[in-house]
Amino acid sequence: MRPYELIKAKRDGQRLAPEDIRAFIEAYTSGQVPDYQMSALCMAVFFRGLDAVELGAWAQAMLRSGEVVDLSDTPGVKVDKHSTGGVGDKVSVSLAPLAAACGVPVPMISGRGLGHTGGTVDKLLSIPGFRMDVPVPEYRRLVREVGCCLISQTEAIAPADKKLYALRDVTATVDCIPLIASSIMSKKLAEGIDALVLDVKVGSGAFMKKVEDARTLARTMIGIGAEMGRKVTALLTDMNQPLGRAVGNALEIVEAVEMLHGRAPADYTEVTMALTAEMLVLGRKAASIAEARGMLEKVIADGSAVRKLKEIVQAQGGDPRAIDDYSRLPQARATVDVVPAPRDGFVTVIDTEAVGLAAVALGAGRQRVDSIIDPAVGFTLLRKEGEPVKAGEPVVRVHYNDPAPLEEVKARLARAYQFGPQAPASRPLVIERLE
Ligand code: URA
């Protein structure tokens with residue numbers, strides 16, 4: 001089938017043959033199919049979906065678009081974690097050194113920001129000198145010697161996802177279960193893992209706004225993992241407000257380091273502990289979640305988790321002094337406190353996607369494939385959901401360099417926050433566990 005016919009068939013709700021899917025993805029990866037035809041196919045998939053056979057072929061084609069790394073020379077069960085994306089989601093930055101400090105080898109391929117969500121790659125690249133375009137042999141060596149290596153999507157491993165991820169980011173085709181599931185699972189299965197923990201975010205800042213959709217996404221990914229013989233555990237976690245208080249790349253690195261010192265906001269700490277504990281159990285370092293949590297508390301208390309982060313930073317060319325001295329991270333020139341509370345009361349709702357889009361407008365994320373992000377800018381949430389406010393008190397601090405987008409950013413944030421006379425009922429952070 002020619003690309004045009006394939007797009008038209010999916011647009012019209014027909015089932016695509018596995019060999020046509022494979023050929024299309026191969027041709028896209030090698031540059032024979034242009035971005036505009038892949039965009040059109042993704043939009044058709046967005047509306048029409050993929051059935052199980054189509055999805056299997058799609059995920060396999062993405063996985064086989066590059067090298068499938070063999071990490072068998074590293075002893076132990078190699079375990080990674082992947083999030084479906086959120087706002088203020090800096091979990092990977094603290095989870096990877098925590099798990100590695102407990103002896104679980106962590107090979108991790110991370111993504112850039114996607115749509116309104118932030119990306120681990122953008123956060124880590126705000127550490128001066130840090131490199132994520134690590135060649136495969138060095139990646140293998142670092143997993144073996146340091147116990148962890150965090151890399152970006154490369155031409156070598158799942159290159160189809162590297163291209164497609166950037167394309168979906170700017171064509172409104174991210175929040176689509178088969179495209180998310182194949183994107184995540186193709187790169188995770190290619191990186192050399194034995195087991196995987198998925199953080200499937202649910203809520204106003206997630207791609208899945210409803211628990212049922214998040215559950216379907218989790219089951220879809222667990223199914224792809226099972227077909228490939230990998231053990232996958234998924235936690236559905238709340239994303240109805242940004243995680244922690246920092247939103248923006250360098251600001252989130254600071255909060256992640258603070259977590260390793262045991263000083264981070266409770267929600268971010270709890271989600272990180274829950275996910276990392278699952279990794280320790282899958283990695284056979286702990287027999288139970290309770291035992292795993294005890295181990296994590298120990299590596300936080302004795303400083304070995306922070307030391308592991310510095311070791312990772314140093315091994316990947318970054319300046320480990322930035323982990324102790326935050327002034328070595330990019331700093332915004334100015335701050336302004338915005339969104340005054342209209343009356344005494346409580347923050348009742350934070351439209352988290354709107355906060356993410358405000359961060360993109362400020363320059364913390366991309367509006368086009370080739371946008372340059374500003375690592376220093378972002379927000380500190382002075383008040384989160386359920387917290388009391390006095391009339392006139394601002395609830396967000398904006399860290400900025402370029403004042404041009406400020407008015408738009410303020411307006412977006414003002415629309416994101418709602419206030420009321422009573423605190424809303426609290427929600428569980430971990431909603432469900434699937435395996
Ligand atoms: N994370 C990914 O890696 N891919 C997606 O499509 C969404 C979130």
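The values are calculated or read from the model by the stated rules, or taken from the named source; none is laboratory data. As the structure is a computational prediction, the values presented were derived from the model and not from experiment. As a convention, Cβ positions derive from the backbone with ideal geometry for all residues, glycine included, and neighbour counts pool all protein chains shown.
Per this entry, residue 270 is not counted among residues that are charged (D, E, K, R) and more than 17 Å from the chain's Cα centre (by Cα).
From the residues in the range 134-166 that are of a type in the set (Val, Ile, Thr) and closer than 30 Å to residue 41 by Cα, which one is nearest to the chain's Cα centre (by Cα)? Restricting to residues being of a type in the set (Val, Ile, Thr) and closer than 30 Å to residue 41 by Cα, the top hit is 151.
Is it the case that residue 425 is under 24 Å from residue 271 (Cβ atoms) and without any contact (Cβ under 8 Å) to a residue 24 or more places away in the chain? Against the criterion (under 24 Å from residue 271 (Cβ atoms) and without any contact (Cβ under 8 Å) to a residue 24 or more places away in the chain), residue 425 qualifies. Scoring residue 13 on the criteria (1) at negative phi; (2) not assigned by TED's automatic domain parsing to the domain that holds residue 202 leaves a single failure, condition (1). Considering 187, 201, 209, the condition of being free of Cβ contacts under 8 Å to residues at least 24 places away in the same chain and within 16 Å of the ligand (Cβ to nearest atom) is satisfied by 209 alone. Return yes when residue 274 is out of contact with any Cys (no Cβ under 7 Å at 6 or more places or on another chain), surrounded by fewer than 24 Cβ atoms within 10 Å (Cβ to Cβ), in a helix (DSSP H, G or I) and at pLDDT 95 or above and no when it is not. Yes, satisfied. Name every residue in the range 167-179 that is farther than 15 Å from residue 47 by Cβ and either near the ligand (Cβ under 8 Å from one of its atoms) or out of contact with any strand residue (DSSP E or B) (no Cβ under 9 Å at 6 or more places or on another chain) (or both), in order of residue number. Those that are farther than 15 Å from residue 47 by Cβ and either near the ligand (Cβ under 8 Å from one of its atoms) or out of contact with any strand residue (DSSP E or B) (no Cβ under 9 Å at 6 or more places or on another chain) (or both): 167, 170.
Across the range 87-112, which residue is nearest to residue 141 (Cα to Cα) among those that are at pLDDT below 95 and surrounded by 24 or more Cβ atoms within 10 Å (Cβ to Cβ)?
Checked the range 87-112; the qualifying residue nearest to residue 141 (Cα to Cα) is 109.
Being modelled with pLDDT under 95, touching a strand residue (DSSP E or B) at 6+ places or on another chain (Cβ under 6 Å), away from the ligand (no atom under 11 Å from the Cβ) and not assigned by TED's automatic domain parsing to the domain that holds residue 376 is a description that applies to residue 192. If you check 351, 324, 374 for being over 25 Å from residue 130 (Cα atoms) and either of a type outside the set (Ser, Thr, Tyr) or in contact with a Pro (Cβ under 7 Å, 6 or more places away or on another chain) (or both), only one passes: 351.
In the range 146-166, the residue that is modelled with the lowest pLDDT out of those that are more than 16 Å from the ligand (Cβ to nearest atom) and over 21 Å from residue 81 (Cβ atoms) is 155. For first residues located in the range 27-39 and touching a residue at least 40 places away in the same chain (Cβ under 8 Å), partners that are part of a loop (DSSP other than H, G, I, E, B) and lie 6+ apart or on another chain with Cβ distances below 6 Å form the pairs 29/65; 39/171. Residues that are closer than 23 Å to residue 91 by Cα and either more than 25 Å from the chain's Cα centre (by Cα) or at pLDDT 95 or above (or both) number at least 1 in the following strands (runs of 3 or more DSSP E) confined to the range 309-427: 345-350, 378-381, 394-400.
When the range 376-385 is filtered for residues that are surrounded by fewer than 23 Cβ atoms within 10 Å (Cβ to Cβ) and closer than 11 Å to residue 248 by Cα, the ones remaining, listed by number, are 376, 380.
Exactly one residue among 294, 303 is surrounded by fewer than 16 Cβ atoms within 10 Å (Cβ to Cβ), closer than 18 Å to residue 146 by Cβ and over 24 Å from the mean Cα position of the chain (by Cα), and that residue is 303.
Residues checked against (1) more than 30 Å from residue 234 (Cβ to Cβ); (2) surrounded by fewer than 18 Cβ atoms within 10 Å (Cβ to Cβ):
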| position | (1), (2) |
| --- | --- |
| 8 | yes, yes |
| 32 | yes, yes |
| 36 | yes, yes |
| 42 | no, no |
| 57 | no, no |
| 63 | no, no |
| 73 | no, yes |
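Looking for whichever is free of Cβ contacts under 8 Å to residues at least 40 places away in the same chain and among the acidic types (Asp, Glu) here; the options are 407, 393. Which one fits?
One residue alone meets the criteria, 407.
Of the helices (runs of 4 or more DSSP H) lying entirely inside the range 40-155, those containing at least 1 residues that are touching a Pro at 6+ places or on another chain (Cβ under 8 Å) are 52-63, 120-124, 136-145. In the range 78-89, the residue that is farthest from the chain's Cα centre (by Cα) out of those that are more than 10 Å from the ligand (Cβ to nearest atom) and either farther than 20 Å from residue 183 by Cβ or among the small types (Gly, Ala, Ser) (or both) is 78. Of all residues in the range 96-110, none satisfies being among the β-branched types (Val, Ile, Thr), in contact with a Ser or Thr (Cβ under 7 Å, 6 or more places away or on another chain) and more than 27 Å from residue 328 (Cα to Cα). The residues of the range 315-358 that are small (Gly, Ala, Ser) and touching a helix residue (DSSP H, G or I) at 6+ places or on another chain (Cβ under 7 Å), listed by number, are 315, 322, 354, 358.
Residues in the range 199-246 that are under 14 Å from the mean Cα position of the chain (by Cα) and more than 18 Å from residue 270 (Cβ to Cβ): 207, 208.
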